[in-house]
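See structure below.
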There are 2 protein chains.
Amino acid sequence: MPERIGFIGLGIMGRSMAAHILRAGFPLTVWNRTSSRMEELVAQGANAATSPADVAAQSDIIITCVSDTPDVRAVTLGEAGIIHGVHAGALVIDMSTASPQAEREIAATLAAHGVAHLDAPISGGSEGAAKATLSIMIGGAAADVERAMPVFQVMGKTITHVGDHGAGQTVKLVNQILVVGTMRAVSEALIFAQASGVDLEKTLAAVSSGAAGSWTLSNRGPQVLRRDWRPGFTIDLQQKDLRLVLEAADQVGAPLENTAAIFQMYRALQAAGLGSEGNHALIKAIERMCGIEVGSNA
Amino acid sequence: MPERIGFIGLGIMGRSMAAHILRAGFPLTVWNRTSSRMEELVAQGANAATSPADVAAQSDIIITCVSDTPDVRAVTLGEAGIIHGVHAGALVIDMSTASPQAEREIAATLAAHGVAHLDAPISGGSEGAAKATLSIMIGGAAADVERAMPVFQVMGKTITHVGDHGAGQTVKLVNQILVVGTMRAVSEALIFAQASGVDLEKTLAAVSSGAAGSWTLSNRGPQVLRRDWRPGFTIDLQQKDLRLVLEAADQVGAPLENTAAIFQMYRALQAAGLGSEGNHALIKAIERMCGIEVGSNA
């Protein structure tokens, strides 16, 4: 008999992930702060709970997928949080992107109640959630990873147990450093190409398959050329993740000058009202400075 | 009957490229500043010339592959340069990485003598030259690209005619902006991972195949973990290419803050005596600042 799953946080990612769990045949109880978001899943057979504690009382494995570290703390340890309904022997899995240090603290608090914990943040965006091709980076004990694997497998493709509590979040932050740093490189390259007057499509074709190649160049480069700013991941969320990166880097003494500069560029774009655009709109921070607009003469 | 090829500049790249031309059955005349470098090719059937002008006098298509813009000018337009031996109707192809503006000037000077010109810089490193898998980015007239195609095809794989004179160099510089920007992102990501204490091999495995992925991460990441600084491309050459990028960017008004910072980092590593190490040793600029050494606890 499959374990009973609880799912807290039905945002753009969580909704798809919960639906995959349901379709795979797991009994599912859901909760979301905005309760109307639960209706679609209830129509598909999920059970709606009245609070995170209520989810926990009805579940063996409780998954959280919320926006930021304070939200994770609130639904897990706060008033009417998981900790007030959970039974000993349960497993709590946080799939949000949150502070590695906070994950270690939450894991320790739950352990004192006989409850196991994994941090298992995801990468791949709303498309990856919809197609169940997410990358999942997991921190915690091997036995708990093994227990959760049947659930991870209905949501993701590249599932990696990277280390102890917090390590999943650390590797997610590594991922974000790479994503934004590569995005900045692509931005400068396209600004230079545009200013130099070369054909941008031919330029992408010439450089994408060699040593200059990246996922970002192949996927976001053409989108920038079309000036299509629809988000795979928004500037607001990216900027939040970079705050986590810089806080964690500060704690371990890692000097991330480039990532810090990109954080400021995203902050400026938020101030300009562009927070809901895709994170590839980073290039606008350079465009606005010099008045060069990529793809504008196409 | 195949055109007679001349090849000037038998460095680490040029040597392999000239050998491919010879093996493909083209009559080949070579010249190199350090004349001993010609011996190997002469043993394989090439003809050794006494100067670039002498190469030009015996060739229909003359290829140059030298270190920097002043060298290109010298072998093409200088004393005993190509221009003093070349016949009308010949085609000169510069496969060095050099200033786009200089290429336009050289093309105009040669055109006044009835000589065609292409700039056709390459990407792919010594390995790409040896395996004939180079990317070749070409600027110039379509008819000349067509004429040169049989020669390009014995040296490269991704062969792209990107625009008019100078455009090949511009796209090569775009390539270099991408290469070093991605390298900086990889460097900060690995420094953060190391300082955070996560397993570096598992971290690479978790992030390499998704939105954070790049050629640099997959190829240079593992090399950094092994602290293997053997060059695919040296810091000295990379720093020279970035000088070309920043000069060209200055001319067109493109603000490349990240590339400018990386130029300074490479400059510092040269001052520290590391100019002959691979360009992925960029990470040492961060390591030396904070005393964190990636892979040192492996």
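Here B:Phe26 clears all of (1) under 14 Å from B:Val154 (Cα atoms); (2) assigned to a helix (DSSP H, G or I); (3) of a type outside the set (Ser, Thr, Tyr) except the condition numbered (2). Number of residues in region A:96-144 that are touching a His at 6+ places or on another chain (Cβ under 6 Å) and open to solvent by 10 Å² or more (accessible area, probe 1.4 Å): the value is 2. Within region B:220-245, if we keep just the residues that are within 10 Å of another protein chain (Cβ to nearest Cβ) and at pLDDT 95 or above, the residue that is surrounded by the fewest Cβ atoms within 10 Å (Cβ to Cβ) turns out to be B:Gly221.
Restricting attention to region A:156-170, and to residues there that are more than 7 Å from chain B (Cβ to nearest Cβ) and touching a helix residue (DSSP H, G or I) at 6+ places or on another chain (Cβ under 6 Å), which single residue is surrounded by the most Cβ atoms within 10 Å (Cβ to Cβ)? Before you say what the answer is, go through the steps one by one.
Within region A:156-170, the subset more than 7 Å from chain B (Cβ to nearest Cβ) is A:156-157, A:159, A:161, A:164-166, A:168-169.
Imposing the further condition that a residue be touching a helix residue (DSSP H, G or I) at 6+ places or on another chain (Cβ under 6 Å) reduces the set to A:159, A:161, A:165-166, A:169.
Working: A:Ile159: 18, A:His161: 25, A:His165: 20, A:Gly166: 26, A:Gln169: 30.
Among residues in region A:156-170 that are more than 7 Å from chain B (Cβ to nearest Cβ) and touching a helix residue (DSSP H, G or I) at 6+ places or on another chain (Cβ under 6 Å), the one surrounded by the most Cβ atoms within 10 Å (Cβ to Cβ) is A:Gln169.
Residues in region A:257-294 that are open to solvent by less than 10 Å² (accessible area, probe 1.4 Å) and part of a loop (DSSP other than H, G, I, E, B) were compared, and the one that is nearest to the other protein chains (Cβ to nearest Cβ) is A:Val294. All of A:Leu173, A:Leu204, A:Leu190 fail the test of being assigned to a helix (DSSP H, G or I) and open to solvent by 10 Å² or more (accessible area, probe 1.4 Å), apart from A:Leu204. Filtering region A:127-152 to residues that are touching a residue at least 40 places away in the same chain (Cβ under 8 Å) and more than 12 Å from chain B (Cβ to nearest Cβ) leaves A:Ala129, A:Ala130, A:Ala132, A:Asp144, A:Arg147, A:Ala148, A:Pro150, A:Val151.
Residues are listed down the side, and each one gets a yes or a no for (1) among the charged types (D, E, K, R); (2) modelled with pLDDT under 95; (3) surrounded by fewer than 24 Cβ atoms within 10 Å (Cβ to Cβ):
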residue	(1), (2), (3)
B:Gln44	no, no, yes
B:Asp60	yes, no, yes
B:Val66	no, no, no
B:Thr76	no, no, no
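Suppose the filter is touching a residue at least 24 places away in the same chain (Cβ under 8 Å) and of a type in the set (Gly, Ala, Ser); does A:Ala111 pass it? No.
All conditions but one from (1) at pLDDT 95 or above; (2) facing another protein chain (nearest Cβ under 7 Å) apply to A:Leu204; the one that does not is (2). If you go through region B:1-17 and keep only what is buried (at least 19 other Cβ atoms within 10 Å of the Cβ) and modelled with pLDDT of 95 or more, you end up with B:Ile5, B:Gly6, B:Phe7, B:Ile8, B:Gly9, B:Leu10, B:Gly14, B:Arg15, B:Ser16, B:Met17.
The values are calculated or read from the model by the stated rules, or taken from the named source; none is laboratory data. No experiment lies behind these values; they were computed from the predicted model shown. Ideal geometry is used to build each Cβ from the backbone, glycine not excepted, and the neighbour counts take in all protein chains shown. Note: accessible area is taken over every heavy atom of the protein model, side chains too, but ligands, DNA and RNA are not part of it. Shrake-Rupley method; radii C 1.70, N 1.55, O 1.52, S 1.80 Å.
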